[in-house]
1. What is the range 1-63 by shape, rounded, prolate or oblate, if you read a ≥ b ≥ c off the alpha carbon gyration tensor as root eigenvalues and call it rounded for a/c under 1.5, prolate for a/b larger than b/c, and oblate otherwise?
2. Evaluate the distance, in nm, between pseudo-label points positioned 7 Å from the Cα of residue 36 and of residue 49 along their respective Cα→Cβ axes.
3. How far is the Cα center of the range 44-60 from the Cα center of the range 1-21, in Å?
4. Sort 12-22, 47-57, 61-71 by the packing proxy (mean of other Cβ within 10 Å over each peptide's residues), most packed first.
5. May I ask you to list the lysines whose Cα is less than 22 Å away from that of residue 58, ignoring any residue fewer than eight positions away on the same chain?
6. Over the range 1-87, what is the relative contact order in whole percent, taking alpha-carbon pairs under 8 Å and six or more residues apart?
7. State the percentage of accessible surface on the range 1-81 attributable to carbon and sulfur atoms; use a 1.4 Å probe and exclude ligands, DNA and RNA.
8. Suppose each label sits 7 Å from its Cα in the direction of the beta carbon; what would the residue 18-residue 58 distance come out to in nanometres?
Amino acid sequence: HLKSAYEKYRLPEGVDPKGIRVAKDHTDNKWKVYVDMGDKGKTARHEISFDDGYSLFKTRTATREQIAAKYLTPEINGLLSAQTNRLEKSNSMKI
């Protein structure tokens, strides 16, 4: 639960930290993290480990942003690149 262990996790540029949610899923009573990126879409819900939950809620050595970056960076990058691909297509069609 060291603060330095979480310092390597950073969210990609363009992600609003207000869209990060860490909540208990009532179907299986496990803590899950997801990011609502507005018009870009939402990520899937990913279960966080006990240690990460402890670091986030009890010892406060991790932030929601760091937890989201740890579990969701590949998915966030996919949503961001899908958005830029759509923009490139719409720009090319205007020409």
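The values are calculated or read from the model by the stated rules, or taken from the named source; none is laboratory data. Predicted model only: the values in this text are computed from it and were never measured. Positions of Cβ are backbone-derived with ideal geometry, glycine not excepted, and every protein chain shown enters the neighbour counts. Protein only, heavy atoms only, side chains kept; ligands, DNA and RNA dropped before computing areas. Shrake-Rupley method; radii C 1.70, N 1.55, O 1.52, S 1.80 Å.
1. oblate
2. 2.9 nm
3. A separation of 13 Å, based on Cα centres.
4. Top of the packing list down: 61-71, 47-57, 12-22.
5. Partners within reach: 3, 8, 18, 24, 30, 32, 70.
6. 34 percent
7. It is 50 percent, rounded to a whole number.
8. Modelled inter-label distance: 3.3 nm.
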